[in-house]
Amino acid sequence: MAYSDKVIDHYNNPRNVGSLSKEDPNVGTGLVGAPECGDVMKLQIKVNEESGVIEDAKFKTFGCGSAIASSSLATEWVKGKTLAEALAIKNTDIVKELSLPPVKIHCSVLAEDAIKAAVTDWKKKHENGE
Amino acid sequence: MDYFEVFGLPRQLGIDTLALEKAFHDLSRKHHPDYFTRASPSEKTQAVRMTALLNDAYRTLRHPVRRVEYLLSLYGFKPDSSKVPQALLMEVFEINEQLEEVKAGKASVEEADSLRAQIKEKRERFDSQLQQASLEWDELVKRGEPEARLKEQLGRLTEILSESSYIRNLERELE
């Protein structure tokens, strides 16, 4: 199975690889995994408390090229978005953008789950303050 | 016909693999398409179908992990990403990060060895958990326990199995 050019591009030049401090109250961390293939994906967002906009995003994924590309793309997309806008990103958008074949759709699902988990984590940290 | 039925076996996980191999060879001979060259077209098709089924069944049932996966699929159980425990993900993530250091030559020999030992221990724990839960399943089936109890055990097996591909990937990375 051949990877699309966009997958290869993200795989070779992943955007926003790295990590943000888990302890930072403005950072939300999502850690998700796909038991079928054994991939693990960590996606973190840094949210501006005033504006509610995602200022920064980082990821680190141990998995196949499609999982890396999906999470790389997800960090690109969430940056500059509000939490609500980030939550509106659907795995099907990722599938379309990266031209993922059917057997790799679960990678995009994982990326969507990672965004949701990161937002949930951030919200949990801010439950008391809001 | 499911894979267990192909070999006339009950849906149990403890399988004598030597007996299975023998049954596979006997049945393969019996249904070999070569013996059906002068048979009717429908019998020929049947022989080819049976041979393919036998191959799939044997390949699946002889392997202890694939055997469990198959049993679970018969009952509609499959690994669910929303049920992977966070603790497992965190551990796997950490081991992966350390593996990266080892591969980049940034880790000491001791660190590399201890990582190897950690992965080996995970593998052994997984194997013994799976074996134990498989034995329990067989006991439940033999005793004719109610469906609710059987489903509970299938859930347990699914949970254990969700670690399988993580461990396999870590071992592959280690090579």
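Given the options B:GLU136, B:GLU173, B:GLU159, name the one that is within 14 Å of chain A (Cβ to nearest Cβ), open to solvent by 30 Å² or more (accessible area, probe 1.4 Å), more than 20 Å from A:GLY63 (Cα to Cα) and part of a helix (DSSP H, G or I). Let's see the steps before the verdict.
Details: B:GLU136 fails: within 14 Å of chain A (Cβ to nearest Cβ); B:GLU173 fails: more than 20 Å from A:GLY63 (Cα to Cα).
Among B:GLU136, B:GLU173, B:GLU159, only B:GLU159 is within 14 Å of chain A (Cβ to nearest Cβ), open to solvent by 30 Å² or more (accessible area, probe 1.4 Å), more than 20 Å from A:GLY63 (Cα to Cα) and part of a helix (DSSP H, G or I).
Of all residues in segment A:40-55 being open to solvent by less than 10 Å² (accessible area, probe 1.4 Å) and within 14 Å of another protein chain (Cβ to nearest Cβ), which is farthest from B:LEU161 (Cα to Cα)? Reasoning before the result, please.
Going through segment A:40-55, the residues open to solvent by less than 10 Å² (accessible area, probe 1.4 Å) turn out to be A:40-41, A:43-45, A:47, A:54.
Now drop any that are not within 14 Å of another protein chain (Cβ to nearest Cβ), which leaves A:40-41, A:43-44.
Details: A:VAL40: 16, A:MET41: 19, A:LEU43: 25, A:GLN44: 28 Å.
So the residue we want is A:GLN44.
Given (1) at pLDDT 95 or above; (2) within 14 Å of A:GLU36 (Cα to Cα), identify the lone condition not met by B:ALA133.
(2)
Which of the residues spanning segment A:56-92 are away from every other protein chain (no Cβ under 14 Å), more than 30 Å from B:VAL65 (Cβ to Cβ) and not aliphatic (A, V, I, L, M)?
Answer for segment A:56-92, where residues must be away from every other protein chain (no Cβ under 14 Å), more than 30 Å from B:VAL65 (Cβ to Cβ) and not aliphatic (A, V, I, L, M): A:ASP56, A:SER72, A:THR75, A:GLU76, A:TRP77, A:LYS79, A:GLY80, A:LYS81, A:THR82, A:GLU85, A:LYS90, A:THR92.
Going residue by residue through segment A:18-36, is there one that turns out to be at pLDDT 90 or above, within 14 Å of the chain's Cα centre (by Cα) and among the charged types (D, E, K, R)?
Scanning segment A:18-36 turns up no residue that is at pLDDT 90 or above, within 14 Å of the chain's Cα centre (by Cα) and among the charged types (D, E, K, R).
Rundown of residues vs (1) out of contact with any helix residue (DSSP H, G or I) (no Cβ under 9 Å at 6 or more places or on another chain); (2) not assigned by TED's automatic domain parsing to the domain that holds B:SER128, yes/no style:
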residue	(1), (2)
B:THR17	no, yes
B:ALA23	no, yes
B:ASP26	yes, yes
B:THR37	no, yes
B:LYS44	no, yes
B:LEU53	no, yes
B:PRO85	no, no
B:LEU99	no, no
B:ALA104	yes, no
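Taking the stated definitions as given, is B:PRO146 over 26 Å from the mean Cα position of the chain (by Cα), more than 14 Å from chain A (Cβ to nearest Cβ) and farther than 25 Å from A:MET41 by Cβ?
Details: over 26 Å from the mean Cα position of the chain (by Cα): no; more than 14 Å from chain A (Cβ to nearest Cβ): yes; farther than 25 Å from A:MET41 by Cβ: yes.
No; evaluated as a whole, the condition is false for this residue.
(1) of a type outside the set (Ser, Thr, Tyr); (2) surrounded by 16 or more Cβ atoms within 10 Å (Cβ to Cβ); (3) within 14 Å of chain B (Cβ to nearest Cβ); (4) not in a helix (DSSP H, G or I): which one isn't true of A:LYS22, the others all being true?
All conditions pass for A:LYS22, except number (2).
Please return the ranges of helices (runs of 4 or more DSSP H) entirely within segment B:26-109 where 3 or more residues are within 14 Å of chain A (Cβ to nearest Cβ) and among the hydrophobic types (A, V, I, L, M, F, W, C).
Values: elements: B:41-61, B:64-74, B:86-103.
Because the criterion is at least 3 residues that are within 14 Å of chain A (Cβ to nearest Cβ) and among the hydrophobic types (A, V, I, L, M, F, W, C), the helices (runs of 4 or more DSSP H) in segment B:26-109 that meet it are B:64-74, B:86-103.
Only one of these conditions is not met by A:GLY65: (1) crowded, with 24+ Cβ neighbours inside 10 Å; (2) touching a residue at least 60 places away in the same chain (Cβ under 8 Å); (3) not aliphatic (A, V, I, L, M). Which number is it?
(1)
Open to solvent by 70 Å² or more (accessible area, probe 1.4 Å), more than 19 Å from B:ARG168 (Cα to Cα), among the charged types (D, E, K, R) and touching a residue at least 60 places away in the same chain (Cβ under 8 Å): is that true of B:ARG49 in this structure?
Numbers: open to solvent by 70 Å² or more (accessible area, probe 1.4 Å): yes; more than 19 Å from B:ARG168 (Cα to Cα): yes; among the charged types (D, E, K, R): yes; touching a residue at least 60 places away in the same chain (Cβ under 8 Å): no.
Against the criterion (open to solvent by 70 Å² or more (accessible area, probe 1.4 Å), more than 19 Å from B:ARG168 (Cα to Cα), among the charged types (D, E, K, R) and touching a residue at least 60 places away in the same chain (Cβ under 8 Å)), B:ARG49 does not qualify.
Against the conditions (1) part of a helix (DSSP H, G or I); (2) over 21 Å from B:VAL141 (Cα atoms), where does B:PHE4 fall short? Just the number, please.
The single condition B:PHE4 does not satisfy is (2).
The values are calculated or read from the model by the stated rules, or taken from the named source; none is laboratory data. Model, not experiment: these values are computed from the prediction. Because the Cβ atoms are built from the backbone with ideal geometry, glycine has one as well, and the counts that use them run over all protein chains shown. These accessible areas exclude ligands, DNA and RNA; they are computed on the full protein's heavy atoms, side chains included. Shrake-Rupley method; radii C 1.70, N 1.55, O 1.52, S 1.80 Å.
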